[in-house]
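The values are calculated or read from the model by the stated rules, or taken from the named source; none is laboratory data. Note that this is a predicted model, so its numbers are computed, not measured. Cβ: placed from backbone, ideal geometry, glycine included. Neighbour counts: every protein chain shown. Accessible surface is based on the protein model in full, side chains and every heavy atom, while ligands, DNA and RNA are left aside. Shrake-Rupley method; radii C 1.70, N 1.55, O 1.52, S 1.80 Å.
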Amino acid sequence: MARQSGTSAGGVRLLVVGRAFETARVADDRADLDDVTLARARQGDRQAFRVLVERYQRPVFALLGRMLLRAGRESIVEDLAQETFVRVFRSLPTFGADGRHNISAWILTIAARLAIDELRREPRRAESLDGASFGIAAETGADELSERRRIGIAIERAVGELAPEYRAAFLLREVHDMDYESIAEALRVDIGTVKSRLSRARAALRRALQGTYDER
Amino acid sequence: MSDERKRPDGWATVLDAWPAPEPTAGFADRVLAACGGPPAVKLSVVREPARRRSTLGGVLVCAAIAAAVVFIPIAVHRRRPPSNPASVASINTSFDLGSEHD
């Protein structure tokens, strides 16, 4: 079954593989926190900070979960997500003093660094994939279910083979839509290194996924 | 974004097939609890200790002044040598003990 580039809808591209899959971009809501709430949160308003947490908790969980590959690490994902927001809380009064303006990129930077440190701390181990965790809408048929699950398992395995820094660069760019400058700052490297890592990560993933599409 | 056109097609939906974990229930509550108490920018908290301190301090100062007013003259008086020994004697002999013959 040939891959075809799809049409864009609302800024999200759809790829038609046999049939159209419903997009599930749960990681990113495009609208950032409004300035008033952010200002109140910076002044210590806890209710405003709660709004901040509820706004950015999904992308933080998504990044940490995919960085740590979830299986057997659910509690670590939650711990690191909590640590991320605790650090945000402590540093929020001074946010922007160094010229930063992108609160989303800043929060994801903290989360990415925590995930990389955690991966460096733990020895790499074989990841067991739980097929039931691939949430599929009830109305999809068996063929779509297996196809989507197969792709999901394949991409998870392929990303799991990447080194932490390459994994972070790829996820920050392709899932969370961060620009090169923000990724460079998050990973503490220059933009050239970011581009190099992204190129290598994509090439590695294409090779790993090639078999998934060739089987059809 | 300037590099939008260079992004390879297909990553969006490939990644869409890889579900992301969702935040657990009550996560925001746990974050707030982990962040500790309310941040310290509360004028009322600063004011009340200052008031108490000034009241207590005032009492202590007044007590110290009163003690100084009372006890310093006494201490000075005790240390002063008697200026006229005769006056002591006269004190001793000035009592009217009455006559022997009433």
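At a probe of 1.4 Å, how much accessible area disappears from chains B and A on forming the pair, both sides counted, to the nearest 100 Å²?
Buried area (both sides, nearest 100 Å²): 4100 Å².
Given the protein chains as shown and a 1.4 Å probe, how many square angstrom of A:Glu118 are accessible, to the nearest 10?
20 Å²
Just to be sure I understand the model, the point goes 7 Å from the Cα along the line to the Cβ. What's the resulting A:Gln47 to A:Arg121 distance in nm?
3.6 nm
FRET efficiency for B:Ile74 and B:Asp29, Cβ-Cβ distance as r, R0 = 45 Å, nearest 0.05?
Here the calculated transfer efficiency is 0.10.
Test of understanding: express the Cα radius of gyration of the stretch A:37-77 as a ratio to 2.2 N^0.38 Å, with N the residue count.
Dividing the Cα radius of gyration by 2.2 N^0.38 Å gives 1.48.
So between A:Val189 and A:Ala97, what do we pick up on full extension, going 0.36 nm a residue minus the alpha carbon distance?
That pair, A:Val189 and A:Ala97, stretches by 31.0 nm at full extension.
Can you tell me how much longer the chain between A:Ser146 and A:Asp79 gets when fully stretched, taken as 0.36 nm per residue apart minus their C-alpha distance, in nm with one decimal?
20.9 nm
Please compute the modelled spin-label separation between B:Glu22 and A:Arg206, points set 7 Å along Cα→Cβ, answer in nm with one decimal.
About 3.6 nm separates the two model spin labels.
Within a 10 angstrom radius of each residue's Cβ in A:168-175, how many Cβ atoms of other chains show up on average? Whole number is fine.
Per residue, the number of nearby Cβ atoms from other chains is 2 on average.
Not counting ligands, DNA or RNA, and with a 1.4 Å probe, what is B:Cys62's accessible surface area in Å² rounded to the nearest 10?
B:Cys62 has an accessible surface of roughly 90 Å² with all protein chains in place.
Net charge within 9 Å of B:Cys35 by Cβ-Cβ distance, Lys/Arg positive one each and Asp/Glu negative one each, not counting B:Cys35 itself?
+2
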